[in-house]
1. Does residue B:37 meet the test of being surrounded by 14 or more Cβ atoms within 10 Å (Cβ to Cβ), in contact with a helix residue (DSSP H, G or I) (Cβ under 7 Å, 6 or more places away or on another chain), under 17 Å from residue A:18 (Cα atoms) and outside the structural domain of residue B:78 (by TED's automatic domain parsing)?
2. Restricting attention to strands (runs of 3 or more DSSP E) lying wholly within region A:53-97, give those where 3 or more residues are under 20 Å from residue A:19 (Cα atoms) and at the interface with another protein chain (Cβ under 9 Å from one of its Cβ atoms).
3. Would you mind finding the one in B:83, B:51, B:73 that is in contact with a helix residue (DSSP H, G or I) (Cβ under 9 Å, 6 or more places away or on another chain), free of Cβ contacts under 8 Å to residues at least 24 places away in the same chain and under 30 Å from residue B:104 (Cβ atoms)?
4. Looking only at region A:35-42, decide whether some residue is in a strand (DSSP E or B), over 27 Å from residue B:111 (Cβ atoms) and without any contact (Cβ under 8 Å) to a residue 40 or more places away in the chain.
5. Among the candidates A:55, A:47, single out the residue that is closer than 18 Å to residue A:137 by Cα, touching a strand residue (DSSP E or B) at 6+ places or on another chain (Cβ under 6 Å) and modelled with pLDDT of 95 or more.
6. Would you mention how many residues in region B:146-180 are under 19 Å from residue B:105 (Cα atoms), in contact (Cβ under 8 Å) with a residue 12 or more places away in the chain and in a helix (DSSP H, G or I)?
7. Within region A:145-159, identify whether any single residue is closer than 25 Å to residue B:180 by Cβ, touching a helix residue (DSSP H, G or I) at 6+ places or on another chain (Cβ under 8 Å) and either buried (at least 21 other Cβ atoms within 10 Å of the Cβ) or at pLDDT below 95 (or both), and answer yes or no.
C-alpha cells in the first residue's frame, strides 16, 4: 500500500435513495489500523459561469433545503446517467437561464466534501449566445439575477454568497481573466 | 410562505450513523407543489489557513475515502458537540500542525453542498505561534507541507488542489491581504 492509501475491506449499503446512496465501509489504513468510513454516493454535477455581453453573470437565487436557507449561486445541475459534463452544462444553462452558451471553457473539477461524499463538480465558463427559453423541473423555484465579477467578489466577502462552487468559480474566472 | 421557501411536512430517518444521519423529508414548495428532499445531517467543521513567519501556509496531504484519492487541503476538522468554531479551530490546528495560532481572523462560513447536506464550514486565518507538538487521531494519516499563497493559487489553477474549502479560503485570504 502507498503511505496514505486506504483500501476498501467491506461495503454495506445503509440507504439507497432517489439522488444519494449511503454506504458504511471498513477500510484498511496504511499505518496498519482499520477504520469505519461512511460514504455518501452522489452523481455529481456541473456549475456554469455564463457571462452576458455587459460582463454580468447569470445567478440563481433559490431555497436550499439541506441548509434550510436561500442561496445565491451560479446555475448548476446534476449529471444524468451516461451524460458527459459539457452536455450537462449545456442542458442546464438553457433550463435555468433560457440562454445557450458559446466559447465554453472548462475551469476544472472541485470536490465539496471529499472525506465522506463522492460528489465531484465540473466547473465551466461560457459566453451568452441566443435565447431559446427557460424550462424548469416542476419542483424548481428560482429567481434569476445578474452581477459583475467584482460584485460577486464583494458578495462573497460580505457572506451573501456562501455556496462553495460559486466561491471557487468566481475567483477561478477572475484568475483566468487576469491572465489574458 | 415566502416566494422561495420550502416547509418541512414530514421527516423520516433512513440512517443514523457515526458522523452523518440521513433523512427523507416531504416538503411544501411555495409554488403549491410538494417534493421529496433527501438530507444528509453533518455536524460541520472548520478550516484553518495558518501562515508561518515566511509567508508559507501549512497544508495537509491525506487520503480522502469519499473520492478514493489523496488531496492537498488546509488543516480542518469536525465540530464536537457544544464546541464553538474558534475553539474547534484552535484545537484542530495544534492536532494537525503542532503549532498554536495567534491573531485569528474569521473569514466567514461556506456551505459545500447546500441542496442536500446541512454541513457548514467556518473558515479562519491565523498566524503561527509557539510549537506545542502534534497529536493525531489513531485513524488519521497525514503529511504536512507548506506553500506560499501564490503557489496555492497555481496549484488550484493546475487542479492539484480541488478541495472546495481550500479553494475558497486561498482566494479569500488573498482578497483580505490585497485590501490591507
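1. yes
2. In region A:53-97, A:56-64 are the strands (runs of 3 or more DSSP E) which contain 3 or more residues that are under 20 Å from residue A:19 (Cα atoms) and at the interface with another protein chain (Cβ under 9 Å from one of its Cβ atoms).
3. Sole residue among the options that is in contact with a helix residue (DSSP H, G or I) (Cβ under 9 Å, 6 or more places away or on another chain), free of Cβ contacts under 8 Å to residues at least 24 places away in the same chain and under 30 Å from residue B:104 (Cβ atoms): B:83.
4. no
5. Selected residue: A:47, the only one of A:55, A:47 that is closer than 18 Å to residue A:137 by Cα, touching a strand residue (DSSP E or B) at 6+ places or on another chain (Cβ under 6 Å) and modelled with pLDDT of 95 or more.
6. Counting residues in region B:146-180 that are under 19 Å from residue B:105 (Cα atoms), in contact (Cβ under 8 Å) with a residue 12 or more places away in the chain and in a helix (DSSP H, G or I) gives 12.
7. yes
The values are calculated or read from the model by the stated rules, or taken from the named source; none is laboratory data. Computed from a predicted model, the values in this text were never measured in an experiment. Here the Cβ is made from the backbone with ideal geometry for all residues, glycine too, and neighbour counts use every protein chain on show.
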